[in-house]
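Enquirer: Quick one: structure below, then a few questions.
No lab work stands behind these numbers, since they all come straight from the coordinates. What you see is a predicted model; the values in this text were computed from it and never measured. Cβ placement follows ideal geometry from the backbone for every residue including glycine, while neighbour counts extend to all protein chains displayed.
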Amino acid sequence: MSCIDELTHSNDSVFCRARDLFLKYAEPLELESKYPGQSVPQRLTVPDKSIMFRLSVQMDDGSVDLFDAYRVQFNDERGPYKGGVRFHPQVTLDEVTALAFWMYLKTAVVDVPFGGAKGGIAVDYKSLSMAERERLTKKFAICLAADIGQDTDIPAPDVNTGPQEMTWMLDAWRMSCGEYHRGMVTGKPIDMGGSLGRNEATGRGSVVTLMEAAKDMEIDPHGATAVVQGWGNAAQHAALELGRHGTKVIAASDSRAAIVDENGLDVSKLIEHKNATGCVADFAGAKAISHDELLTMPCDFLIPAALEDSITADNAGDISAKIISEAANGPTTPDAGDILFSRGIRVVPDVLANAGGVLVSYFEWVQNRQEYYWSAALVGNRMRRRMKRAYRAVADRAVASKSSLRQAAYSIAIERVVHAALERGVQ
């Protein structure tokens, strides 16, 4: 058993698949022959540190529950570790390792001075009371206090976490370390040092790259149709942004239901409906469909914005979209990616498409370091400019190498991280 298999304890490891795809895309770069004796591929595919610990938390009824918690710091060759925190029953070390791996590639693709990390707790977070959530989140931050900070590892929101959890982490870290560094987390409320535009950044960024891809394929977004899988923060802001371009969102889903209205969903009202009922089901004028039908229905644009492995070899042959922009992390399996590329479906990969969030997190970190804050318009303009620049570099590489956008993005990221690693040395 390899060291990675021992780490993940899984026969179907998400990280092992991510690593294998990385090595496949690294092969044409000839890293071993260019840098003999430097073990470059191994250095880029083994995490720097994996932290596993148990959280014991007193519940409101006086009982004590135990939760498995993780933080993986994968690579910091280009800057401090950076990555989200997710609270979900299915969180595992394997998943967190894969997400930390993708994060350091993502920061390299959009060229921000961060590495990659990810953390999480295996918990049914939605079932907890507000007081239980606060105790759990603060205990998580206290246990990691020596390993996180604005110059070391900077957490951010992810699944089931948001500005409130980041504020709790900041407060717990401050009490533990005796210092007030706003930049030790990003995704905070505005009055706690958060950045304007951070909440919308992931969804909007996925549409910025989607529009660039549409331009390349000569698809007019005005009057085009889109399907959005998922209805969380990224999905909702992506749908709103699509509307600003004149694109009609005809279908959407969440974990419990999927709906379609070929005349176009009223996105703002669907957001209100979701907030009021907790689900997209029973939305006025929409028809219920299956989750499988949603992914494969005819449309111009598909935005997968849920969890990993939504598009697989089993359904990739039935995908009808012309462009896919991956607002989620790892929504397409490697085999599915090959099928989509062979069919001429352009996939803007997650390491590029959803990087708007980490870009604005970087902007937040910069603002915190200076204690000087920018307008929403300035944040949005800088995000769009950086996302367009990153997309163009990836698209140009894909054309030159006759490869997919994913392979091109990985190639650029690998070259940037290798360059930094060799400049830093190994001692």
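Enquirer: Return the Rg/Rh ratio of the stretch 263-357 with Cα-based radii and a Kirkwood Rh.
Expert: So for the stretch 263-357, dividing Rg by the Kirkwood Rh gives 1.00.
Enquirer: Points 7 angstrom from Cα along the Cβ direction at Asp147 and Ser320: gap in nanometres?
Expert: 4.7
Enquirer: Express in whole angstrom the spacing between the alpha-carbon centres of the stretch 260-300 and the stretch 174-250.
Expert: 19
Enquirer: Another one. Given the pairs Lys82/Lys118; Lys126/Lys274; Lys24/Lys388, which are separated by over 18 angstrom at their Cα positions?
Expert: Lys24/Lys388
Enquirer: Starting from the Cα-Cα distance between Met217 and Leu29, subtract it from 0.36 nm times their residue separation and give me the gain in nm to one decimal.
Expert: Gain on extension, Met217 to Leu29, equals 64.9 nm.
Enquirer: Continuing with this model, one more query. Evaluate E = 1/(1 + (r/R0)^6) for Gln38 and Ala276, where r is the Cβ-Cβ distance and R0 equals 60 Å; express this FRET efficiency to the nearest 0.05.
Expert: About 0.60, to the nearest 0.05.
Enquirer: Subtracting the Cα-Cα distance from 0.36 nm times the residue separation, let me have the gained length for Asp335 to Met59 in nm, one decimal.
Expert: Working it through step by step, the gained length comes to 95.0 nm.
Enquirer: I need the peptides 306-312, 286-292 ranked by packing, meaning the mean over residues of other C-beta atoms within 10 angstrom, with the highest value on top.
Expert: Going by the mean number of other Cβ atoms within 10 Å, highest first, we get 306-312, 286-292.
Enquirer: Then there's this: Taking θ as phi - 60°, what are the ³J(HN,Hα) couplings along the stretch 88-104 by the Karplus curve (6.51, -1.76, 1.60), each to the nearest whole Hz, with x for Gly and Pro?
Expert: Once θ is set to phi - 60°, the couplings for the stretch 88-104 become 7, x, 8, 5, 9, 4, 4, 4, 5, 5, 4, 5, 5, 4, 4, 5, 6 Hz.
Enquirer: Which order do the peptides 195-206, 210-221, 319-330 take when ranked by the mean count of other beta-carbon atoms within 10 Å per residue, highest first?
Expert: 195-206, 319-330, 210-221
Enquirer: Continuing with this model, one more query. Using only the alpha carbons of the chain, what is the convex hull's orientation-averaged projected area in square nanometres?
Expert: Over all viewing directions, the chain projects a mean Cα-hull area of 20.9 nm².
Enquirer: Using amide H atoms built in the peptide plane, which far-off residues or other-chain residues are under 5 Å from Asp254 H to H?
Expert: Gly230, Val280
Enquirer: What number comes out for the charge environment of Met184, summing +1 per Lys or Arg and -1 per Asp or Glu over other residues with Cβ under 13 Å away?
Expert: Every neighbour counted, the sum reads -1.
Enquirer: Taking 7 Å along the Cα-to-C-beta vector as the label spot, tell me the Ser268-Arg343 distance in nanometres, rounded to one decimal.
Expert: Placing both labels 7 Å beyond Cα along the Cβ direction yields 3.5 nm.
Enquirer: Please report Rg (one decimal) and Dmax (integer) in Å for the Cα set of the stretch 200-353.
Expert: So, for the stretch 200-353, Rg and Dmax equal 13.9, 42 Å respectively.
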